[in-house]
1. Read through the list (1) over 14 Å from the mean Cα position of the chain (by Cα); (2) within 17 Å of V62 (Cα to Cα), then give the number of the only condition that G114 fails.
2. What do you reckon, is R84 touching a Cys at 6+ places or on another chain (Cβ under 6 Å) and either closer than 30 Å to R195 by Cβ or at pLDDT 95 or above (or both)?
3. Can you tell me which residues in segment 139-167 are surrounded by fewer than 15 Cβ atoms within 10 Å (Cβ to Cβ) and β-branched (V, I, T)?
4. Restricting segment 74-86 to residues that are buried (at least 20 other Cβ atoms within 10 Å of the Cβ) and either more than 12 Å from the chain's Cα centre (by Cα) or without any contact (Cβ under 8 Å) to a residue 60 or more places away in the chain (or both), which is farthest from G13 (Cα to Cα)?
5. Can we say S41 is in a loop (DSSP other than H, G, I, E, B), hydroxyl-bearing (S, T, Y) and under 29 Å from L193 (Cβ atoms)?
6. Take the residues of segment 1-38 that are assigned to a loop (DSSP other than H, G, I, E, B), loosely packed, with under 15 Cβ neighbours inside 10 Å and among the aliphatic types (A, V, I, L, M): which is modelled with the highest pLDDT?
7. Looking only at segment 49-58, count every residue that is touching a strand residue (DSSP E or B) at 6+ places or on another chain (Cβ under 6 Å) and part of a loop (DSSP other than H, G, I, E, B) and tell me the total.
8. Being of a type outside the set (A, V, I, L, M, F, W, C), touching a residue at least 40 places away in the same chain (Cβ under 8 Å) and touching a Pro at 6+ places or on another chain (Cβ under 7 Å) narrows it down to one residue among D56, D139; which is it?
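The values are calculated or read from the model by the stated rules, or taken from the named source; none is laboratory data. This structure is a prediction, so every number in the text was calculated from the model and none was measured. Heads up, the Cβs are rebuilt from the backbone with ideal geometry, glycines too, and the neighbour counts pull from every protein chain shown.
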Amino acid sequence: MDQNNSSLAERIGETVENFMSALPEDEEHTVAGSFEKLYASQVAETALTVGDIAPDFTLPNVTGQPVSLYEVLKRGPVVVSFYRGGWCPFCNLELHALQLRLPEIRALGATLIGISPETPDMAMAAIDEHQLEFEVLSDLGNKTARQYGLLFTVYEEMRPLYLKWGLDVPASNGDNSWELPVPATYVIDSKALIRAAHTDKDYTRRMEPEQIVATLRDLEA
């Protein structure tokens, strides 16, 4: 599959299929059960959406410098992408897709910001690995994710599997909570109004970058 011409959903779908097909039967059963539990949950049902005012936040970037949403909004629209961490293969596909569209996003006068609960050192590793040219902020303790209604806690039955797969969430986040944001993307206009939103408790589903660009074009019209 051509990584640049296929949709983000197609690339993630292929990754999910390959991942699930490689699992032993007992692990596949545990993963499938966790998704059923997630679908039946109230996770992210109160998340901010189109028409809401985006709350301000001030979070450190990878060098420890504070970045304020409302300060950045003074320069124009902001695209905020909450992601789980650099250990998440679906997040990495999304980060790569966003980086590819970054020139268009900037040409439309917008700023792209990634947010994860990872420590600045871990966020820096993601920037280096994927050659990201946009700000990645550390939402330590998931305070901003909580404010936006995006908080999720990894189910206990999944935690041993995460560790077996080398996905050490506590080590990445610098705490023992196993809390993560539900992946979400917001296009926020200069008045802090959310003009497009994608939140889905299924963390394999993400907003297509093309939708981000289309929304930004509409803001300019």
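1. All conditions are met except number (1).
2. Answer is yes for this residue.
3. Scanning segment 139-167 gives a single hit, T153.
4. Residue satisfying both the conditions and the ranking: P77.
5. Considered against the rule, which asks whether it is in a loop (DSSP other than H, G, I, E, B), hydroxyl-bearing (S, T, Y) and under 29 Å from L193 (Cβ atoms), S41 comes out as yes.
6. A22
7. The total comes to 4.
8. Of D56, D139, the one residue that is of a type outside the set (A, V, I, L, M, F, W, C), touching a residue at least 40 places away in the same chain (Cβ under 8 Å) and touching a Pro at 6+ places or on another chain (Cβ under 7 Å) is D139.
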